[in-house]
Structure formats: C-alpha cells, structure tokens
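The values are calculated or read from the model by the stated rules, or taken from the named source; none is laboratory data. Here the structure is a predicted model, which means the values were calculated and not measured. Quick reminder, even Gly has a Cβ in these numbers, built from the backbone with ideal geometry, and neighbours come from all protein chains shown.
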Amino acid sequence: MQTQVLGYPRIGSQRELKKACESYWAGTSGYKNVLQVGKNIRQQNWELQKNLGVDLIPSNDFSYYDQVLDHSLMFGAIPQRYNAVAIQPDHAELDLYFAMARGYQRNGLDIIAMEMTKWFDTNYHYIVPEFYKNQTFNLFSTKVIDEFYEAKQLGIITKPVLIGPVSYLLLGKEKEAGFDKIDLLKNLLPVYIELLTRLKALGATHIQLDEPFLVLDLSEKEKQAYQTAYQQLRKVFPELNLILATYFGALEDNLELACDLPVNTLHVDLVRAPQQLEELIHKLPQEKTLSLGLVDGRNIWKNDFENSIAIINQATAALGKERVWIATSCSLLHSPCDLDNEKNEAVLTAEIKQWMAFAKQKVAELTTLKQLTNNEEATLAKDKLAQNVKAQQSRKTSPLIHNEKVKNDVANITESHDQRSNAFAKRRILQQEALNLPSFATTTIGSFPQTTEVRSWRAKLKKGSLNQAQYDQLIAIETEKAVRWQEEIGLDVLVHGEFERNDMVEYFGEQLSGFTFSQNGWVQSYGSRCVKPPIIYGDVYRPEAMTLKWTNYAQSLTSKYMKGMLTGPVTILQWSFVRNDQPRAATCTQIALAIRDEVVDLEQAGIKIIQIDEPAIREGLPLRKAEWQNYLDWAVKAFRISASGVQDETQIHTHMCYSEFNDIIDSIAAMDADVITIETSRSQMELLNAFADFKYPNEIGPGVYDIHSPRVPNKDEMVELLKKAALVIPKEQLWVNPDCGLKTRGWDETKKALIEMVEAAKTMRNN
Ligand code: GLN
Ligand code: ZN
C-alpha cells in the first residue's frame, strides 16, 4: 500500500511567495529573489513530505502564480499580444509569465491580462488558456522537468503532476470562431509525449495526470478525446506508472470510462463522493490500482480514522493491499499549511483546535492511516487512533456547537420571510421617488485601497501598540478622506471604504457566534492573493450589530447616499471552512437570519441603500447540472431571507464577481435585488448578454473597468463599454461602477480611474 499527496500548498507557511512576488512587482526586489523563495518553498515541501513518510511526493505542484498558466507557458500557448514582452531583455520568461497573469504596462507597452476564472467549485482562480484557430503547441518552458530535476538533486524522486491533456483543453476558451478546442488534442499530445520522454529519461517512474473534468458532465466527443489521449500516452510509455487523478466529485456516468482508460492507477475523491467506492471495486480492471482520496483537501477537520479504516479495509478486502493507495482527496492547495503555527489560544481554543488538521497534519494522517491498516505496524499507531477517536467524540457532543435559540429561529421561518412587500416594478417607482438618482448613477463596489498603512494599524492594534481608540481614530480619518474625495469627484452613491475590514467574510465571521479563526490559515485565492477563511464550527447567530458604527459615521459626514455594505449568507458560507456535521443549506440559513437582522438595523439607522455582496453564489454550484436546482433553491432563498426585512423604499444592491450567468440567470433574477453590480469589463460586456436575453427587469451595474490589474483605463474605453451595454440593456436600468472592490489597488491608480469613470458617466448622460 502506498500513500500519495496530490499537491501541497505552495505559498509557504508564512506566505513567503506572496511577499516575494509582490515586492518584485513593486520593483523593490529583483526576480532572483522570487526564484530563490520559490526554490526554498519547494525544498521545504518536499522534505517535509519525505520526513512524514509519504511514498509519492508531488512535484510541479508548485507555481509562481497559477498552475494552469504554468501549463499554458509550458505548452507555448502564449497569446500573440505578449510577443512584445517576450523579447524584452533579461528575465524574459518570468516577466512574460506575469504579464499573461496581470497585464503589462511598462516600456511603452500596454497589454491586458488573460482572463481568470474559478477553479471548479473552489475559491481558487486560474488563468484561462486562450486558444485560437491555428493553435499550435510546443515545449516553451521546461518547468516540470526543472522541478523534477531540482528534487532529484535533493535526493527525492518525485511524482510530477500535470494537468491531463483533456482537462487542460477543457479549461481553456476559444477566442475565435470556427474550431472546437477539443480538436486541438492532436496538436497538444506531442508536447505531453516530449515532456514525459524527458521526465522518464531523468528517472521519473510515476506521473500524475489530473483530469478533474471526469467528474463533470461530458459530451461524447470529450469522452472520445479521453480515450484517444490515454491510448496514445500508454502506447508511447508502456512502463510509466500513469496516475489518473479525479477529484471534487463522483465519476458517475463517467465511471466506466475512467476505469477503462489505459492507466495504472485511478485516483478518486471519497470525501466528496464516498458512494462511488462500491461500484469502483466491482468495475476496476484487475491490473489497476485504486487511490482512495480519504483525507479531505478542501476542509480543515481532522480525518475520522475509524471511518477511513473501514473504507480502506473494504477496498483491500476486495482488491488486495497491493492495489490500494491512500491519498488526499485532492491537492492540498485548498488547505492552510500548518496547524502547529496556531499557537494563540485566544484566537483558536484548544478544544476546537483538537478537531482540526491543516496540510502538514493531513500528510501525517496519511502515514498514520497506512500504519493503522497494516497488521505489522498497527500497534505503533494505536495511540494516535485513540486520540483521534477521542477528538471525534468531543466534537459530536461539545456544547460549543449547539444553540437552542438558533434552532428555534430557523424552525420559525415563515413564507413571508423571503418576500419583499411588493414586486420590483412597484419598488422601483417608490425608490426613484425616495432616492432621486441621475441616470447612469455612479458608485463603487465597496472597498477602497487597503494600503500597507491601513493594514499596519490593524496589526498594531492586534499587537497592542495601538489601543482601540487610537485605531478607531485612524480609521475614522481614512474614512472621512475617502468620503470627501468621493464627494469631490462627484460619485453619486458613496461607500465608506471598508478600511476597518480585514476581509469581507472574516470581518463578519469575527462578530458572529459559531465562527472561529486561525492566525495563519492562509489559502491561495489567485496569484499572490491569499484568504484566511473563517471556520464555522457551530450554530451561527449575531450577538450584536456589526456594521452600524462605521456606516453611521460615514453617513454622518455627507448628504449623499452612503451604501451599507454587507456580505451575503451564501458568500460567507462559501468562503469559510464549513462544519461537516450538518448540511451546508442549514448553516447558510442560520447566517441569512443573522444578516437579515443587520439589514434591518441599517435601515432603522436611516441608511437608504444597502448592498449585500454575493460574489460566491455561482461558485457554490454543484459540478453536476442535475444537482444545480436544489442548490440554487436554498441559496437564493437564503439571500432573499437576508434582504427581505426592509421597506420597499430601501434599495437593496447585490454584487457578484466574474461569472458567467447564462445558465443561472433565472436564479439571479429570483434573488430580486433592486440593483446588481457585476464584473464585465474583461469580457468586453459579453457577460451582460445573459441579462439582456433574459430581459432582466431590475437595475444593473456592469463593471466598466478591470480592478485586478494596476492598469488605468481612460474615459473613452469606458464610454465604449457603456455604449455596448446600452445596446443590450435599456439605459434607464444601467449603473456605472468598476468590476469589483478596490482594496487591492493603490490610491493613485484608483483616483485616476474613478475620475475617468465619472466623466464616462457624464458623457453617457449627455448623449
Ligand atoms: N464590497 C466588497 C469590496 O468592495 C466586494 C468584494 C467582492 O465582491 N469580492 O471589497
Ligand atoms: Zn467582486
């Protein structure tokens, strides 16, 4: 029996990679530093896994920005617009790579970034490969080979991890008409063959090929592509151990296809889809090994050893020990690094901590599970088993988790809880009378730059070198500056800037009961951006008002409208680590009631416009279409519960980030927010078509500029986008705003961009 890790977090346990990249981008350190920090992290990860006894240690799971982008660079799938960057002197490859990820505005060049989207149903974002009609591939970067060699120099023979050829193509987007990306397989396979040939020559014996699309609905053509791809690879490499990795769901109707692909090992996710084991045991061909994904890569709870042992025994009884591996359910990319770094009991109590495991602990769990299911070694680990059983027991019975009042409130939810008094058409008239806003009203999505300075105040408050009053004073001044500045440039609906918030979910989690936190539980979200998801361990309720103080203060500074700014229940759920002892829908409803109370309090305080952000609604969609409606029903209902406690005159906004809305537009409409702001600029307003086709009745603010890049747009570009928008959406329905919050941007670029944006709105009004 072997143990394998599908991938390890690569940001570094102290977020070293984030710091190195950001300082390189800011020009304060050189590219050599970035490369060195990357090298150190790789070495630490490999040695840690080796010391913990992992049999199959991954390489090429590291990335300076994103693993999909790594593949695009490796395969030479580099959009032409970057040619000019490629020929810049010096460290061209790294700069080219970052240019593809982030855009490039230097040396007289101005090139936009590649698109970014969610990685399956996670909160990780990848850079979408761009494919063109005459797309060819060649081995442009040798990253996977270099990293294998690097580990080998350290005396560790790793298992290189590649995104499988079919999934790589399916992750991409056709940028022009007239071809089907899946037909590019024949051009792509030779590059895989070249890569594997070189890896094999260097001594690689196992190759992990990630094919997560096998847990999604596939067309016949895509299924055929799987066969073609793997038959060819098998033919060229009869002796390599090819590991086909699936995760995030059940194989279902693709189970036979996956079982029959000519590989040596099939990896399956038994955390998300334990039910598939039975069928796999029966259908897996004789010569193949089954890798059991038992240790949850997506959550922070300790593995339930008794449960896992039962599953392993079931598998080994049927297949024999030789044909069973124990593995993480997916890459540990989605887990924080190390629970041992959580030393502050005031943040994470010992009682809750004992229920948890981060990446390093998960790796150790693999080895322990292997020992526990091996007759000779089982006694060595019996203390660990006893401890684990004790921890599981304590979690099931802890009074920390269950709250009677919350359970009652949920039971008392009635029909009217998710209904506004009147339909939108009526509300709209009442709101127009009450608010009297201009056409093409301008606003922003909520946050203004969280400068190093602002963040340093929070750090100082935590350390005690600032007291609460001093901290509040600084936040108040920053808020006032932002308010004055928004008034000055003539924005219509202002925001307070969210300076007091570390993060849009954590800020609420910290004030809600049932949540706890880590100090260092960072998980990569995109590029150098990391999030530290709150941990929902128990019943959720709101002990007191959460946003009133700062919203009231900001409103008191101005006669313009100040938007109340809240995070919605689905997003709070989606961006937290969630308890696994009750359905997600139940946890979401509890959060919805808490947010509803806050919305009502804001209204009572005189706030007329309240935004409930739900950027995560789409990413919560199950991977399989058949399960969508059930999810959408409870998610939409949760949003409506949170939004429906107010008068018709109070305008409810919601905001969502880059998403394709085509297939869920009816549910977005069912949320019935008075105004929705969405990210559309990178798609050149293409994403708006879903709303247009649906004849979406409520108001919409399609983002007019990309906030993920420091590039400053000019007024004319934004006017062009707004004109495009006005072609498909009646102009009375349109708002003008950036794609998303501005917390990651600097003030300089933010100011310039928003001044241009306000001018763009004026131009539209005068048209
Ligand atoms: N109000 C939030 C902000 O501006 C919204 C962020 C988001 O949607 N991701 O930061
Ligand atoms: Zn957003």
Only one of L214, L209, L233 that is hydrophobic (A, V, I, L, M, F, W, C) and in a strand (DSSP E or B): L209
Just to check your reading of the model, which residue among I11, I78, I41 is within 30 Å of L366 (Cα to Cα) and in contact (Cβ under 8 Å) with a residue 60 or more places away in the chain? I11
Test: residue in region 689-699 that is basic (K, R) and in contact (Cβ under 8 Å) with a residue 40 or more places away in the chain: no
Can you confirm whether region 651-662 contains a residue that is in a helix (DSSP H, G or I) and more than 16 Å from ligand 2 (Cβ to nearest atom)? yes
Any hit, region 95-102, residues being surrounded by 15 or more Cβ atoms within 10 Å (Cβ to Cβ) and either in the same structural domain as A364 (by TED's automatic domain parsing) or acidic (D, E) (or both): yes
Residues that are surrounded by fewer than 17 Cβ atoms within 10 Å (Cβ to Cβ) and either farther than 30 Å from L623 by Cα or free of Cβ contacts under 8 Å to residues at least 60 places away in the same chain (or both): does region 290-300 have at least one? no
Which residues, taken from region 616-626, are more than 25 Å from T650 (Cβ to Cβ) and either in a helix (DSSP H, G or I) or within 16 Å of ligand 1 (Cβ to nearest atom) (or both)? R618, E619, G620, K625, A626
Taking region 158-194, which residues are of a type in the set (D, E, K, R) and touching a His at 6+ places or on another chain (Cβ under 9 Å)? K159
Quick one: Q88 ticks every box in (1) at pLDDT below 95; (2) surrounded by 22 or more Cβ atoms within 10 Å (Cβ to Cβ) except a single one, so which number is it? (2)
Every residue in region 481-535 that is away from ligand 1 (no atom under 15 Å from the Cβ), more than 23 Å from K608 (Cα to Cα), without any contact (Cβ under 8 Å) to a residue 40 or more places away in the chain and not polar (S, T, N, Q), please. E510
Going through region 658-678 one residue at a time, which ones are within 16 Å of ligand 1 (Cβ to nearest atom) and at pLDDT 95 or above? I668, M671, A673, V675, I676, T677, I678
Restricting attention to region 562-592, and to residues there that are within 16 Å of ligand 1 (Cβ to nearest atom) and of a type in the set (A, V, I, L, M, F, W, C), which single residue is farthest from the chain's Cα centre (by Cα)? M562
Is it the case that Q629 is away from ligand 1 (no atom under 15 Å from the Cβ), assigned to a helix (DSSP H, G or I) and modelled with pLDDT of 95 or more? yes
Filtering region 56-80 down to residues that are buried (at least 19 other Cβ atoms within 10 Å of the Cβ) and part of a loop (DSSP other than H, G, I, E, B) yields I57, N60, D61, F62, S63, Y64, Y65, D66, F75, A77, I78
Selection within region 466-480 - assigned to a helix (DSSP H, G or I), free of Cβ contacts under 8 Å to residues at least 40 places away in the same chain and of a type outside the set (D, E): Q468, A469, Q470, Y471, Q473, L474, I477
Sort through A258, A225 and tell me the only one that's crowded, with 20+ Cβ neighbours inside 10 Å and over 25 Å from M74 (Cα atoms). A258
Could you check, for region 178-195, whether at least one of its residues is farther than 24 Å from E130 by Cα and either free of Cβ contacts under 8 Å to residues at least 60 places away in the same chain or assigned by TED's automatic domain parsing to the domain that holds M74 (or both)? no
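A quick yes/no check of all residues on (1) under 23 Å from the mean Cα position of the chain (by Cα); (2) in the same structural domain as Y526 (by TED's automatic domain parsing); (3) under 16 Å from K532 (Cβ atoms):
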| site | (1), (2), (3) |
| --- | --- |
| A327 | yes, no, no |
| L333 | yes, no, yes |
| L348 | no, no, yes |
| Q354 | no, no, no |
| Q361 | yes, no, no |
Which listed residue, of F639, F691, is over 27 Å from T547 (Cβ atoms), in contact with a strand residue (DSSP E or B) (Cβ under 9 Å, 6 or more places away or on another chain) and of a type in the set (A, V, I, L, M, F, W, C): F691
For E749, state whether it is surrounded by fewer than 22 Cβ atoms within 10 Å (Cβ to Cβ), within 16 Å of ligand 1 (Cβ to nearest atom) and either more than 28 Å from the chain's Cα centre (by Cα) or free of Cβ contacts under 8 Å to residues at least 60 places away in the same chain (or both). yes
Find the residue count for region 437-465, including only residues that are touching a Leu at 6+ places or on another chain (Cβ under 6 Å) and without any contact (Cβ under 8 Å) to a residue 60 or more places away in the chain. 2
Restricting attention to region 470-490, does a residue exist that is in contact with a Ser or Thr (Cβ under 7 Å, 6 or more places away or on another chain) and within 16 Å of ligand 2 (Cβ to nearest atom)? no
For H655, the lone unmet condition from (1) within 15 Å of ligand 1 (Cβ to nearest atom); (2) of a type outside the set (A, V, I, L, M, F, W, C); (3) in contact with a Phe, Trp or Tyr (Cβ under 9 Å, 6 or more places away or on another chain) is (3)
For region 424-458, give me each residue that is surrounded by fewer than 18 Cβ atoms within 10 Å (Cβ to Cβ) and either under 25 Å from the mean Cα position of the chain (by Cα) or within 16 Å of ligand 1 (Cβ to nearest atom) (or both). T451, T452, R455
Any residue in region 372-384 that is part of a helix (DSSP H, G or I), buried (at least 20 other Cβ atoms within 10 Å of the Cβ), more than 24 Å from the chain's Cα centre (by Cα) and modelled with pLDDT of 95 or more? yes
Of all residues in region 313-327, count the ones that are in a strand (DSSP E or B) and not aliphatic (A, V, I, L, M). 1
Of everything in region 594-632, what is among the charged types (D, E, K, R) and within 16 Å of ligand 2 (Cβ to nearest atom)? Give them in sequence order. D613, E614, R618, E619
